Amino acid sequence: MRILVVEDEHKIANSIKKGLEQEGYATDVAYTGTEGFDLASSEEYDLILLDILLPGINGIEICKDLRKKQIHTPILILTAKGQVSDKVEGLDAGADDYLTKPFAFEELLARIRSLLRRPKDNIGSVLKCEDLTLETLTYQVKRGDKSIQLSSKEYALLEYLLRHQNQVLTKEQIINHIWDYDADVLPNTVEVYIGYLRNKIDKPFPDKPALIHTVRGFGYRLGA
């Protein structure tokens, strides 16, 4: 999952980025409204964390302009403006949720998980393919009754594949969602991490169907 943080207070922005990356989210940061809007409208994100009082373009205008451009990425507003009228203004502008500063990081994570669980088909907190399950609240991965231990990047890759199962995903799509904007990632890196996942969810289960498939010339697909 890839998240954009638009926050002009560098200390807050960098703290959120560090915390999110420790939780396995690829995270980009923009310190101005103009930079944030440019990234949000040109890159593909799973969620945007957006301050309201920003240099350049304020958060409310960013919300409105993104929605006018038919960009429906979930937006969680983070701001010190906590009046009911401020919340209404943000939600009416197109935001999906609102969190008032100061906030506990645990609550921010819960709000993020809630928004990411709201997909197009409302799949809830458990992602499943055949007998492979991933619990987004506890980060527990199992195949059948056997628990599988994944690194944070392996987990992020598996979650992305599960959320798009039976779709062919290119290496570029995977890089854009699993690594942040500044990461120096080569296409071969995707092959390496796909190999790591295969070694954990397919190869130890020779009597079960393989779930990760290479589609030659296109990318990868997760499905029976």
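Of the residues ALA40, ALA26, ALA13, ALA30, only one is under 30 Å from LEU150 (Cα atoms) and touching a residue at least 40 places away in the same chain (Cβ under 8 Å); which?
When all the criteria are applied, what remains is ALA26.
Could you please find all residues in the stretch 102-117 being part of a loop (DSSP other than H, G, I, E, B) and in contact (Cβ under 8 Å) with a residue 24 or more places away in the chain?
PHE103
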- Note on the structure: Residues in the stretch 162-221 that are closer than 18 Å to LEU132 by Cα, of a type in the set (Lys, Arg) and assigned to a loop (DSSP other than H, G, I, E, B) total 2
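Kindly evaluate ALA80 against the criterion of being modelled with pLDDT of 90 or more, within 24 Å of LYS18 (Cβ to Cβ) and either surrounded by fewer than 15 Cβ atoms within 10 Å (Cβ to Cβ) or in contact with a Phe, Trp or Tyr (Cβ under 9 Å, 6 or more places away or on another chain) (or both). Before you say what the answer is, go through the steps one by one.
On the way: modelled with pLDDT of 90 or more: no; within 24 Å of LYS18 (Cβ to Cβ): yes; either surrounded by fewer than 15 Cβ atoms within 10 Å (Cβ to Cβ) or in contact with a Phe, Trp or Tyr (Cβ under 9 Å, 6 or more places away or on another chain) (or both): yes.
The answer is no for ALA80.
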- Item | From the options TYR220, TYR155, TYR181, TYR160, residue that is of a type outside the set (A, V, I, L, M, F, W, C) and at pLDDT 95 or above | TYR220
- Of the listed residues (TYR155, TYR160, TYR181), the one being under 25 Å from HIS72 (Cβ atoms), crowded, with 17+ Cβ neighbours inside 10 Å and among the hydroxyl-bearing types (Ser, Thr, Tyr) is TYR160
- Query: Do we find that GLY94 is modelled with pLDDT under 90, exposed (fewer than 15 other Cβ atoms within 10 Å of the Cβ) and in a loop (DSSP other than H, G, I, E, B) in this structure?
  - Reply: no
- Which of the residues that make up the stretch 189-208 are among the charged types (D, E, K, R) and free of Cβ contacts under 8 Å to residues at least 60 places away in the same chain? GLU191, ARG198, LYS200, ASP202, LYS203, ASP207
- Item | Among (1) in contact (Cβ under 8 Å) with a residue 12 or more places away in the chain; (2) within 30 Å of LEU161 (Cα to Cα); (3) β-branched (Val, Ile, Thr) - the single one VAL126 does not satisfy | (1)
- Item | Meets criteria (of a type outside the set (Phe, Trp, Tyr) and under 24 Å from HIS164 (Cα atoms)) for ILE62 | no
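The values are calculated or read from the model by the stated rules, or taken from the named source; none is laboratory data. Remember, it's a predicted structure, so these values are computed and weren't measured experimentally. Please note: Cβ atoms are built from the backbone with ideal geometry, for glycine as well, and neighbour counts cover all protein chains shown.
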